[in-house]
Amino acid sequence: MVRNELGLSNKTICDWASFCREVLIEWSVKRQGKIGGKDMIVEIDKSKFGKRKYNVGRIVEGQWVFGGICRETKSTFLVPVEKRDKDTLLQIIKDKIEPGSIIISDCWKAYNCLQDEGYQHLTVNHSVNFVDSTTLAHTNTVERLWREVKLKFPLFGRRKKHFLGYLARSMFVMAFEEDKRFHQFLLEVAALYNPLHPPHPQP
């Protein structure tokens, strides 16, 4: 549509799409500090984006994302991961969640060490129920986050190398009302490419 309406070349359109992704990725990195805090509840979970399917005789894999949301502040983090082992997830938890937080998760074995890492840890066994009958722990908030993020992902033409950009776009759309998004995007462009302080040309 853009090519037909504006008479732009495919290369120009791809360059602008890349530029927009760069702005949104920078915004998402800038905003993702630590979430939670003493006695604040943080739900964590992992989810796969894209389904395994057969395509001309080969299997196409999706992308795993590890994420969390603080119930009290609604602050989130979303991190694409290649592995879901203890070392990978624990490092992200330490980087993204304040010590003293109450972490609620499923019973994935990689989380078993959280009590020893300065966190309070509650679990819910999803093979039995969705709310723990004793502690009332649940991960409904982070499950809802996954649904919202995935609804804002492009349905077609997705490429794994652009996955971080798709994720940043989803987070940006969720963070701002529709009538404020474009203005906020321009503010982020100005912050990244400040016309008063242009980058030094490469020698």
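Quick notes on this structure:
- Summed residue charge, Cβ within 11 Å of Leu187's Cβ, Lys/Arg positive, Asp/Glu negative: +1
- Solvent exposure, largest accessible area first (probe 1.4 Å, DNA, RNA and ligands not counted), of Val149, Val2, Val189, Val128: Val128, Val2, Val189, Val149
- Applying the Karplus relation 6.51 cos²θ - 1.76 cosθ + 1.60 with θ = phi - 60° to the range 177-188 yields 3J(HN,Hα) values of 5, 4, 6, 10, 5, 5, 4, 5, 4, 5, 5, 5 Hz, where x marks Gly and Pro.
- Two-site label geometry, Glu178 and Lys38: point separation in nm, points 7 Å out along Cα→Cβ: 4.4
- When the chain is treated as a Gaussian network with alpha carbon springs shorter than 10 Å, the biggest mean-square fluctuation among Gln91, Gln115, Gln63 belongs to Gln91.
- Partner aspartates and glutamates whose Cα lies under 20 Å from the Cα of Lys38, excluding those fewer than 8 positions away in the same chain, are identified as Glu72, Asp95, Glu98, Asp116, Glu117.
- With all protein chains modelled, accessible area of Glu5 [1.4 Å, Å²]: 140
- If you count Lys pairs in the range 99-181 whose Cα atoms are under 27 Å apart, skipping same-chain pairs closer than 8 places in sequence, the total is 7.
- Here the extension length gained between Met1 and Asp116 equals 35.9 nm, from 0.36 nm per residue of separation less the Cα-Cα distance.
- Summing charges over neighbours of Leu24, with a neighbour being any other residue whose Cβ is under 13 Å away from its Cβ, gives +3 when K and R count +1 and D and E count -1.
- Surface composition of the chain: carbon plus sulfur atoms hold 55% of the accessible area, using a 1.4 angstrom probe and ignoring ligands, DNA and RNA.
- Computed label-point distance, nm, for sites Asp15 and Lys150 using a 7 Å Cα→Cβ extension: 3.7
- Residue of Glu143, Glu22, Glu117 that the Gaussian network model of the chain assigns the largest fluctuation, springs spanning Cα pairs under 10 Å: Glu117
- For the chain, the orientation-averaged shadow of the C-alpha convex hull comes to 16.6 nm² (one quarter of the hull surface).
- Heavy-atom accessible area per residue - the chain, 1.4 Å, Å²: 65
- By DSSP, the beta bridges lying fully in the chain are antiparallel in about 70 percent of cases.
- In degrees, nearest ten, helix 86-96 long axis to first principal axis of the chain (Cα): 70
- Local charge for Ala137 was computed over the other residues whose Cβ lies under 14 Å away, with Lys and Arg +1 and Asp and Glu -1, and equals -4.
- Estimated from helical segments only, the mean residue ellipticity of the chain at 222 nm is -12000 deg cm²/dmol, where each DSSP H run of four or more residues counts as -39500 (n - 2.57).
The values are calculated or read from the model by the stated rules, or taken from the named source; none is laboratory data. Keep in mind it's a predicted model, so treat the numbers as computed, not measured. Cβ coordinates were reconstructed from backbone atoms using ideal geometry, including for glycine residues, and neighbour counts include every protein chain displayed. These area figures cover heavy atoms from the full protein model, side chains too; ligands, DNA and RNA do not enter into them. Shrake-Rupley method; radii C 1.70, N 1.55, O 1.52, S 1.80 Å.
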